[in-house]
């Protein structure tokens, strides 16, 4: 799937400029070749002397429409990644009517006039100057025109929705309509008034048939992506840190200049994709850089505002927002904040209904801003680099009055306090403190009887093995993203939720769920250290209620997850000799002393680092060892953080823990995951294996057992 | 245009017409004569600014040009994630112009204001530059480049330029109101089946046809 420059926020960046220049060049070429460097020809459409405008415009429209329908069906591009202008009935009707007048008078439209100028037409130059002047006129008249510019706002709405027909019916009707118009145009041009032979009838007949055929083909293509439109949100998440999302939002706000409103569906879409939020860090950056496009609105009471507010904010009571912000509708970015998120969210939705498309709320409100931007480095759990600490100090100096040196006691009740870096390991105390807060979803991985007997309040029961299955003959493979997405969507877990993964005793269960989330591009998760045993040991509350949840639409990224490798790739890496292959199975399986697979032993050149080495006991609970200890241990095995590493075990379960420790805890950047592992390798006799002692024959019982769901709990012991 | 220039023009011209010529062979010959020039052929050429020079090369088969334009539009959506557009860039130029004259007013204005400090740092500005360059290259290679004010044989230059200017002002205002012009709102929005774009096009052609007769004399 293509991540369009619009979707990645690069439309107004050098890359976008270069692409726009090249596309513009082709656009100009096409217009000129169509003969649109001539105003007489263009204006001819209004006098029935030259129907080229109709022919070219509708050929182009139908071609592009069919192409885009096909591209969306084939999963090449998602609708969410396209900039679609919201419909404003009043503005579009009045604008169209006026434009028609200008077109008929001037004989040009803006694009063709640029081509006309390139063709040496001086009337085009004058027309272009008129456009510039007309734009200035619009700017000057904007305060008066604004009501019309927002009148009849319908949000992004498609013609087939307005006509209450299916998209396919519309596309087919458009194609047929275009063909009919072509024939009428030819008849007009050949009529007595012009008596000009146009293209041959044979050509037009062939063209008409081809166009209709193309429509039939495009409409009957198989739909290849399961969740069109939503796919990229999740897949992009890893590559796109929070500020980028707001940059994208800005791009959108800019390109949607002068537009208004969204219906409920659009608001929901904005919510689902996070386009209605601005992250605290991004807001801080904008305020500190003096961003003029930003309108920052504090919607708390005047007393609260007077006590403290963000620099540059204005205090507007909620009920006066539409009035006070009228001139900013569709311009720049309006950010609303309060202490939390509820009020701004409601205000934002009301404004959206009134046609404001450029309103964002501050993620986690003022509290989140304190937590993420202003909290002193010394109070943060995650270690800060000197640079980060300096940025925090700068932000504190900028936003806080001098006497407010230690805001440690900032009110934080009711707001989810996500660890500053995600994913992360958390302690039971953290989970207990944040339990029940909006946006936190807890998943309990213990077998169902244990879950039924008492679990963390509100937690969902999930069987780890339900995330795995047989992929093309390979057993125990992590399922493809769309299937995983379904699992989480059925529990109502979406891209913005913070998922807390709670295992029974084996951290490998938690990391396998982490792998599943990673495959979905979902980084907002934490793993509870020590799992349920640590929770119990801390004497924290449990209940036996089932959580209330409603299924949501699944978000599945397209394309590979970027970390899973196949056996062939491992073979190539082995042959290349530059990749470290880490076999994380217990030592006697590595050596071949024990085996429950087709062949005993290991991949030639592989290094054994049993996953249990990364675990420690903390009372009853099994935890992942402290970072410092692991850092030291792996530094001895892997020379640098960007060294190519492949981790594997037998089925991919244990290796998920090593992968997680290396990439998420220790920051190794080039670690791949050979999911199929020894199960596949041992079953391919043509692939070499090393086995030191005399191999034992695999007991058939053990081989069969390895798919049993309950096995995940006892896997550590069994292997 | 000199003879040598015309010589050079032959090959790209032939290339441009190769495709349509194949299918439209029998009737192609008369089409070679540019549509505009038909009524003008008997009329003596205007002294300096030629209205429709006899050597004007015929444009491409409009349907094929339309398909190419459609493919360009599709590419724009796939790569940029947005359609084509032309008026946006001119509005940005308007903002720069107003800023040059009245900086404080422009920056404080409700519509242009948010575009500052860099109104031209916008993809459509680059796209319009591309459109101009593409038109220039194609017109030059197709032998259709002609420095002139295009108008009817009996229409005065002043009338034509006055109408072009006023038409431009109206179209400029209208394209801001409608958030786009024929390319950005009509064609690009139409290709993704937006209701507003079809409404825009419907109203555009309706007023175009209703009012065109008033301005017909600039073409006669």
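The values are calculated or read from the model by the stated rules, or taken from the named source; none is laboratory data. On a predicted model such as this, the values are computed, not experimentally measured, just so you know. In this analysis, Cβ positions are derived from the backbone assuming ideal geometry, glycine residues included, and neighbour counts consider all displayed protein chains.
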Within the stretch B:155-184, how many residues are assigned to a helix (DSSP H, G or I), more than 7 Å from every other protein chain (Cβ to nearest Cβ) and touching a residue at least 12 places away in the same chain (Cβ under 8 Å)?
-> 3
Please go through the stretch B:104-113 and pick out each residue that is surrounded by fewer than 24 Cβ atoms within 10 Å (Cβ to Cβ) and facing chain A (nearest Cβ under 7 Å).
-> B:109, B:110, B:113
Which listed residue, of A:100, A:130, A:134, is touching a helix residue (DSSP H, G or I) at 6+ places or on another chain (Cβ under 8 Å), over 13 Å from residue B:90 (Cα atoms), assigned by TED's automatic domain parsing to the domain that holds residue A:158 and surrounded by 24 or more Cβ atoms within 10 Å (Cβ to Cβ) = A:100
Please determine, by comparing only the residues of the stretch A:163-177 that are surrounded by 15 or more Cβ atoms within 10 Å (Cβ to Cβ) and without any contact (Cβ under 8 Å) to a residue 24 or more places away in the chain, which one is farthest from the other protein chains (Cβ to nearest Cβ).
-> A:173
In the set A:107, A:150, which member is facing another protein chain (nearest Cβ under 7 Å) and buried (at least 18 other Cβ atoms within 10 Å of the Cβ)?
-> A:107
Out of all the residues in the stretch A:93-110, is one or more more than 21 Å from residue B:211 (Cα to Cα) and part of a helix (DSSP H, G or I)?
-> no
How many residues of the stretch A:325-361 are in a helix (DSSP H, G or I), modelled with pLDDT of 80 or more and over 16 Å from residue A:313 (Cβ atoms)? The answer is 6
Of (1) assigned to a helix (DSSP H, G or I); (2) closer than 20 Å to residue A:108 by Cα, residue B:75 fails just (2)
The correct count of residues that are within 7 Å of chain B (Cβ to nearest Cβ) and in contact (Cβ under 8 Å) with a residue 12 or more places away in the chain in the stretch A:42-57 is 6
Name the single residue, out of those in the stretch B:78-103 being within 14 Å of residue A:110 (Cβ to Cβ) and within 7 Å of chain A (Cβ to nearest Cβ), that is surrounded by the fewest Cβ atoms within 10 Å (Cβ to Cβ).
-> B:93
The stretch B:126-154: number of residues that are more than 8 Å from chain A (Cβ to nearest Cβ) and part of a helix (DSSP H, G or I) | 2
Would you point out which residue out of A:668, A:673 is in a strand (DSSP E or B), in the same structural domain as residue A:574 (by TED's automatic domain parsing), in contact with a strand residue (DSSP E or B) (Cβ under 8 Å, 6 or more places away or on another chain) and modelled with pLDDT of 90 or more?
-> A:673
Tell me, yes or no, whether the stretch A:89-97 has at least one residue that is in contact (Cβ under 8 Å) with a residue 60 or more places away in the chain and more than 7 Å from chain B (Cβ to nearest Cβ).
-> yes
Exactly one of A:28, A:75 is closer than 30 Å to residue B:148 by Cα and either surrounded by fewer than 24 Cβ atoms within 10 Å (Cβ to Cβ) or at the interface with chain B (Cβ under 7 Å from one of its Cβ atoms) (or both), and that one is A:28
Leading residue by the ranking (surrounded by the most Cβ atoms within 10 Å (Cβ to Cβ)) among those in the stretch A:334-343 that are touching a residue at least 24 places away in the same chain (Cβ under 8 Å) and farther than 15 Å from residue A:324 by Cβ = A:337
Residue list for the stretch A:135-155, filter: in contact (Cβ under 8 Å) with a residue 60 or more places away in the chain and under 11 Å from residue A:94 (Cα atoms) | A:149, A:151
Considering (1) within 14 Å of chain B (Cβ to nearest Cβ); (2) surrounded by 20 or more Cβ atoms within 10 Å (Cβ to Cβ); (3) assigned to a loop (DSSP other than H, G, I, E, B), say which one residue A:290 fails and leave the rest.
-> (2)
In the stretch A:557-581, which residues are under 23 Å from the mean Cα position of the chain (by Cα) and at positive phi?
-> A:559, A:562
Give me a count of the residues in the stretch A:8-25 that are in a loop (DSSP other than H, G, I, E, B), facing chain B (nearest Cβ under 7 Å) and surrounded by fewer than 24 Cβ atoms within 10 Å (Cβ to Cβ).
-> 1
Going through the stretch A:31-56 in order, the residues found to be part of a loop (DSSP other than H, G, I, E, B), in contact with a helix residue (DSSP H, G or I) (Cβ under 7 Å, 6 or more places away or on another chain) and surrounded by fewer than 24 Cβ atoms within 10 Å (Cβ to Cβ) are A:48, A:51
Only unsatisfied item for residue A:591, checking (1) touching a residue at least 24 places away in the same chain (Cβ under 8 Å); (2) surrounded by fewer than 21 Cβ atoms within 10 Å (Cβ to Cβ); (3) not assigned by TED's automatic domain parsing to the domain that holds residue A:672, is (3)
Name the residues in the stretch B:114-123 that are in a helix (DSSP H, G or I) and more than 7 Å from every other protein chain (Cβ to nearest Cβ), would you?
-> B:115
